[in-house]
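The next block holds one structure in the form of structure tokens; read it before the comments.
Just so it is clear, none of the values below were taken in a lab; they were calculated from the coordinates. All values derive from a computational prediction rather than experimental measurement. Positions of Cβ are generated from backbone atoms using ideal geometry, with glycine treated the same way; all protein chains shown enter the neighbour counts.
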Amino acid sequence: MLRLAIQKSGRLHDGSLKILRECGIAVSNGNSQLRVVAENFPLEIYFLRDDDIPEYVQDGVADIGIVGENVLLEKNKKASVITKLGFGKCRLSIAIPKSETDESLEGKRIATSYPFVLSGYLQKENISCTIHEISGSVEITPKIGLAYAICDLVSTGSTLFRNELKEITTILHSEAVLIAGALKVEKQMILDRLLFRIQAVKRARNNKYVLLNAPNNKLEKICGLLPGMKSPTILPLAKPGWSSVHSVIGEDDFWNVIEQLKEAGAEGILIVPIEKMIA
Ligand code: ATP
Ligand code: ZN
């Protein structure tokens, strides 16, 4: 059985269970349990603090884990990133009080829960600062005179805003990742099966199925906008001179493509979520 460590509670907990469920792996919530066994896949799930996951994976207590890249880099343990998971997105940024006009950090004091990542950044940029390590509520330290700046995780920026801080530099972009240590062949085979499902779920999340109607003389232009998995499907409509076109569009460029399709003469455009997408 493959042992997977995920966050017991916090920002990555729900997303981690959600991706497993979308992979068709039935897991109970673990609210009171430290360990559950999946019902229909050779997977055992450990619920832990995210900070401990890289070390447990390195030491082989767990085979694989789900953590933020920020935690993985900070803990600096031997565990490799198998794949990014597309949730838990945030950035590690340096912020200073909104009222400050001097953005130079040289010689200043910075409060953070990420001393290792921060010192790496400062070294690379040739800036010398005093790093004040603190385990939580980093955002209040400038106000109480404990630090000039902070280095903390940001997603929407509302915490910074509430504390009258402004972001001056981003030092890391992060999202949840699947990590693994060295695995024996049998465990690697289970991981490969899991990974196959994860890729199908990720691909599906990043794509939409599109159906539209178009006059036949506009098909060439429309199909040029829709690469699809191989190429679009074209089916004749009962109305002569018209066809129905089916294809797949990526999430990134989605609205752009829709606008271009309309301009090219597409009508009755339907967009449908994809449940799984196998390459
Ligand atoms: P634990 O109790 O497991 O130690 P925690 O308090 O350290 O939890 P959370 O705040 O739940 O951690 O955050 C877990 C991870 O979620 C972070 O390490 C980061 O990768 C990600 N994350 C995404 N957005 C944010 C955000 N706005 N603030 C903090 N973390 C975020
Ligand atoms: Zn933590």
Suppose R0 equals 30 Å; then what is the FRET efficiency for LEU237 and LYS89 from their Cβ-Cβ distance, rounded to the nearest 0.05? 0.15
Quick check on region 102-232: what are the equivalent-ellipsoid semi-axes from the Cα gyration tensor, as sqrt(5λ), descending, whole Å? 46, 25, 14
Please report Rg over Rh for the chain, where both radii come from the alpha carbon positions and Rh follows the Kirkwood definition. 1.09
When the helix-only estimate is applied to the chain (DSSP H runs of n ≥ 4, each -39,500 (n - 2.57), divided by the residue count), what is the mean residue ellipticity at 222 nm, nearest 500 deg cm²/dmol? -8000 deg cm²/dmol
Diffusion constant of region 184-250 at 37 °C, which comes from Stokes-Einstein with the Kirkwood Cα-pair radius and 0.692 mPa s, µm²/s: 232 µm²/s
As straight-line cross-link partners of LYS187, the qualifying lysines (C-alpha separation under 26 Å, not fewer than 8 residues apart within one chain) are LYS8, LYS18, LYS75, LYS77, LYS78, LYS84, LYS202, LYS276
Restricting the count to DSSP beta bridges whose residues both fall in the chain, what percent are antiparallel, rounded to a multiple of 5? 75 percent
Sticking to Cα atoms, compute the Rg of region 15-110 to one decimal and its Dmax as the biggest Cα-Cα distance, whole number, in Å. 18.1, 58
Based on the Cβ-Cβ distance from LEU183 to ASN126, what FRET efficiency comes out when R0 is 45 Å, to the nearest 0.05? 0.70
Helix 13-22 axis, angle to the chain major axis (alpha carbon atoms, nearest 10°): 30 degrees
Could you bin all the Cα-Cα distances of region 90-173 into 5 Å bins starting at 0 and give me the percent of pairs in each, rounded to whole numbers? 3, 16, 31, 29, 16, 4, 0
Please give the helix 115-124 orientation as an angle from the longest Cα principal axis of the chain, in degrees from 0 to 90, rounded to the nearest 10. 80 degrees
Nitroxide proxy distance, nm - points 7 Å out along Cα→Cβ at SER135 and THR169: 2.9 nm
